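Take a look at the structure set out below.
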Amino acid sequence: MEETTVEKRYALSPAEQQYKILFQAAPCWYDAERYRYHTWQEFNEIYQQGVRGGIQVPEAPPSDMQEELSESYIMEGADVNVFLNARYCPPFWHHLKFIKITCVLNGECFFYAKNGGRQTLTAGNFIIVPPDVEQTIFSFHDDDAVVNIVIRISTFENAFSTLLTESEVLSRFFWKVLYGRDESSVIWFRCAPDKRLKRYVLDMFEALERRLPNSNFLLVSHTMAFLAYALSYYQDRMVSLKQGRMASDKLPIIIRYIRENYSTITLSSLAEHFHKSESYLSRYIKRETGHSLTFLLREFRMKQSGIMLRNSGLSVEEIMLHTGYTDISYFYKTFKKYYGMTPMAYRSQAKIINL
């Protein structure tokens with residue numbers, strides 16, 4: 001098998017060369033803890049305060065910059081995408097609308113999360129960053145090889161739904177990544193370099209470079225294999241980036257309880273189970289996940305409805321009752337809004353795909 005781009009000690013791209021010139025002229029402005037910038041204009045204003053020697057900052061960034069990165073912007077229609085992190089790029093603060101795995105194949109990088117300080121990731125380390133966490137990465141050596149694997153939220157959830165039946169540690173990991181929204185939800189694997197994990201990443205690049213017709217399937221498969229292997233062999237090296245409030249550690253337990261009792265649960269019964277007031281628990285769920293209990297219940301119920309329509313012979317009315325709904329017209333309305341089609345159309349489509 002030929003070496004992929006990331007395996008080689010590859011040359012700096014034109015954009016990275018420009019970034020390197022700026023960094024070497026004034027490295028003091030690249031401390032993301034002291035200087036927080038979200039746009040190229042903000043960086044330019046800070047940078048010009050102390051630069052000497054006639055260095056001119058380009059009016060536009062050498063590579064694309066976005067304060068918020070959406071799934072449609074970065075995924076290009078795929079479920080998983082993979083790309084190298086630009087070396088010397090100023091550490092712009094941003095947040096994502098998808099799940100990101102950042103792996104250090106060679107060298108090191110700094111990872112910053114809001115209120116989480118700066119962490120140094122070395123070769124073999126990787127982190128899993130949930131959506132909506134304000135963060136940034138900075139790499140400043142020619143031989144650094146830092147890879148970003150980005151995954152749609154729905155792809156991650158569907159592929160790892162089996163974690164719900166596994167150990168408590170894995171279940172907590174699953175819910176923390178999927179529904180946590182602060183720096184304590186960033187998962188850090190402090191692994192030493194592992195040839196198999198590296199191979200999974202290189203196989204992803206190969207699938208993209210060769211433009212295989214089933215590259216999306218291969219990318220998803222390699223990503224899931226990467227995570228399954230890491231969770232199996234490096235569970236003892238898996239930590240939260242920052243230990244957040246004590247209450248934050250309850251989030252995976254609460255989410256799991258909601259998931260297991262979605263058809264009958266109410267705010268009242270949830271509050272009673274966890275010995276909290278309804279108002280406190282409602283605020284807590286909203287603060288920690290960004291969603292209301294009503295939203296989470298609809299997510300779980302609709303996903304289960306889809307699963308049952310695809311994989312069972314139950315009638316729509318039976319599925320409605322099984323997932324906690326009592327009004328058929330409301331169920332149809334909610335289902336169509338969620339999936340963009342009626343339950344029967346969804347079932348018919350699923351049968352065609354299965355054929």
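The values are calculated or read from the model by the stated rules, or taken from the named source; none is laboratory data. Everything numeric in this text was worked out from a predicted model, so none of it was measured. Please note: Cβ atoms are built from the backbone with ideal geometry, for glycine as well, and neighbour counts cover all protein chains shown. Just the protein is used for accessible areas: all its heavy atoms, side chains included, with ligands, DNA and RNA removed. Shrake-Rupley method; radii C 1.70, N 1.55, O 1.52, S 1.80 Å.
Pick out, in residue order, every one of the GluC sites (Glu not before Pro) in region 74-153 that is DSSP loop and has at most 14 other C-beta atoms within 10 Å; say none if there are none. Can you show the working numbers first?
Working: sites: 76, 108, 134; in loops: 76, 134.
Sites meeting the loop and neighbour criteria: 76.
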>> Probe radius 1.4 Å, ligands and nucleic acids left out: which of 55, 307, 127 has the largest accessible area, and how do the rest follow?
In response: 307, 55, 127
>> Can you pull out the chymotrypsin sites (Phe, Trp or Tyr not before Pro) in region 237-321 whose DSSP state is coil and whose Cβ has at most 15 other Cβ atoms within 10 Å?
In response: 274
> What shape does region 59-144 take by its C-alpha gyration tensor, where a ≥ b ≥ c are the square roots of the eigenvalues and a/c under 1.5 counts as rounded, a/b above b/c as prolate, and the rest as oblate?
Replying inline: rounded
> Pairs 114/198; 250/276; 97/198; 276/337; 20/100; 100/303: which exceed 21 Å Cα-Cα?
Replying inline: 114/198; 97/198; 276/337; 20/100; 100/303
>> Let me make sure I get this right: for the chain, a, b and c are the square roots of the gyration tensor eigenvalues over alpha carbons, sorted descending. Under 1.5 in a/c it's rounded, otherwise prolate if a/b > b/c, else oblate. Which is it?
In response: prolate
> Excluding ligands, DNA and RNA, what is the solvent-accessible area per residue of region 8-98 at a probe of 1.4 Å, expressed in Å²?
Replying inline: 54
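Ignoring ligands, DNA and RNA, what percent of the accessible area of region 259-317 is carbon or sulfur (1.4 Å)? Kindly include the intermediate steps, with their values, before the conclusion.
Values: 1540 of 3090 Å².
Using a 1.4 Å probe with all protein chains present, region 259-317 comes out at 50 percent carbon and sulfur.
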> With every protein chain in place, what's the accessible area of residue 63 (1.4 Å probe, Å², nearest 10)?
Replying inline: 40
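Could you please state how large a percent of the accessible area of region 1-145 is carbon and sulfur, counting protein chains only and using a 1.4 Å probe? Present the calculation step by step, with values, prior to reporting the outcome.
Details: 2990 of 6690 Å².
In region 1-145, the share of accessible area belonging to carbon and sulfur is 45 percent.
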>> I'd like the FRET efficiency for residue 28 and residue 333, computed as 1/(1 + (r/R0)^6) with the beta carbon distance as r and R0 of 56 Å, rounded to 0.05.
In response: 0.45
> In what sequence, highest mean first, do 135-141, 230-236 appear when ranked by Cβ atoms within 10 angstrom?
Replying inline: 135-141, 230-236
> What are the ³J(HN,Hα) values, in whole Hz, obtained from phi via the Karplus relation 6.51 cos²θ - 1.76 cosθ + 1.60 with θ = phi - 60°, for each residue of region 312-325 in sequence order, with x given for Gly and Pro?
Replying inline: 9, x, 5, 6, 4, 5, 5, 5, 4, 5, 5, 8, x, 9
